[in-house]
1. Sequence-distant or interchain residues sharing an amide H contact under 5 Å with Tyr346, placed H: which?
2. Listed here are the pairs Lys53/Lys121; Lys109/Lys273; Lys87/Lys389; Lys47/Lys98; Lys109/Lys403; which of them are more than 18 Å apart at the Cα?
3. Considering amide H positions built from the backbone, and no H for Pro or chain starts, which residues 5 or more places from Val331, or on another chain, come under 5 Å of its amide H?
4. Would you calculate a helix-derived [θ] at 222 nm for the chain, using -39,500 (n - 2.57) for each DSSP H run of n ≥ 4 and dividing by the full residue count, to the nearest 500?
5. Check cross-link reach from Lys189 to the lysines: straight Cα distance under 17 Å, and skip same-chain residues fewer than eight apart.
6. With both bridge residues required to lie in the chain, what share of the DSSP beta bridges run antiparallel, to the nearest 5%?
7. Given the C-alpha atoms of region 1-157, compute the convex hull and give its volume per residue in Å³.
8. What does the chain give for Rg and for Dmax, in Å, if only its C-alpha atoms count?
Amino acid sequence: MNKPAIPNSFRTGPDEQGMFGIFGGRFVAETLMPLILDLERHWNEVKDDGDFKAELTDLSTHYAGRPSKLYFAEGLTRHLREVSAAKGLGGGAKVYFKREDLNHTGSHKINNCLGQILLAKRMGKKRIIAETGAGQHGVASATVAARFGFPCVVYMGATDVARQSPNVFRMKLLGAEVRPVTAGHGTLKDAMNEALRDWVTNVEDTYYLIGTAAGPHPYPELVRDFQSVIGIEARAQILEQEGRLPDTIIAAVGGGSNAIGLFHPFLDDRSVKIIGIEAGGRGLDGIEHCASMNAGAPGVLHGNRTYLLQNADGQIMDGHSISAGLDYPGVGPEHSWLRDSGRVDYVPVLDDEALEAFQLTTRVEGIIPALESAHAIAHAVKIVPAMDKDQIVIVNLSGRGDKDVHTVANMLGMEI
Ligand SMILES: *Cc1c(COP(=O)(O)O)cnc(C)c1O
């Protein structure tokens, strides 16, 4: 593979065409093009607008509860120091959690939803549509739609509707309409296609609120910028608490929004090692994983070019992960570019390893992490014992794990 030349800054993308190197862009039907261009025009207007930023900051503070804490995970650090000592290594870095689990609705997703609904309001759009897989983004979208009094339609694969009934009920309580999608395998990819179709047919009044840093330009950029609050805060907080930058930062990658949000403000700090964790599922040998960057190939999905899980004929495959939030078969295009340029390492973590980390964190920290976040913690568990005691690792705790207790009970062969 040809490595792209190392740029002076990793933080300048995308270019005017929405490209991060060879990734990204807007591969959409001609009928969608005017909508995308209109969105881009408004995005460019608001992104440096003081009033827009002030309104977003106000909501983030008083509605979502920002800034989220940067927490020294003393129990986990102590545990990993014991592991290190037992191995005769005598090390064990300090582990910090960026506490996105403490946000309103329990994850980082609210950051993006608040930003985009304000953008929708600016554009004069009154109807919100969204896609959802496990239902987390659907709930976050329905939440902000309720807050702003906008009608909201959430497209959700029929398979997912059946297996995520509590989130379907939450969305209905919040006043959203959930439309099951039976096309394909009835999962996230199909829901996203259906949402794009709705958008073209309801041009005038509808805003499509995409849930991750993927889709056609400018979505990957705007979702990244709304989520970058995570990294901006974390960077300032670690400088304040430790007087220096971390050695390593880690986040789980589904579509990649919480990860790019943490990573982006650190990309030009070359001393900081950056690691994205993909869902390794039951292993990369078979098809039961969702590691698009470790086991996929570049292709086009949902309007952008990126690494995808696909078979030899280029058909998109459904991924598997114990954690529903990580089983998107693609990944945001900026991650594909960061992968190829070598700035970020992308590493798989298996279902079983995430399950272990979920239990460990619950036990030694009194924090039940989302299974997505448990993937990132699992990687910290692997690398921290071999690091020095004066080193620092920040793990993005993207969400809380209450939603996952049934899955975990199931995996452990227990009944609730
Ligand atoms: C949705 C979700 C993810 C994965 O989505 P990204 O866009 O990759 O961040 C990770 N963690 C939690 C808690 C989620 O709800």
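Just so you know, all these numbers are worked out from the coordinates, no wet-lab data involved. Predicted model only: the values in this text are computed from it and were never measured. Glycine also receives a Cβ, built like all others from the backbone with ideal geometry; neighbour counts cover every protein chain displayed.
1. Here the answer is Gly276, since their amide H atoms fall under 5 Å of that of Tyr346.
2. Lys109/Lys273; Lys47/Lys98
3. So Val331 has HN proximity to Tyr307.
4. Taken over the chain, the calculation gives -12500 deg cm²/dmol.
5. Qualifying lysines at Cα under 17 Å: none.
6. If we restrict to bridges inside the chain, about 30 percent are antiparallel.
7. In region 1-157, the Cα convex hull volume per residue is 226 Å³.
8. So, for the chain, Rg and Dmax equal 20.1, 65 Å respectively.
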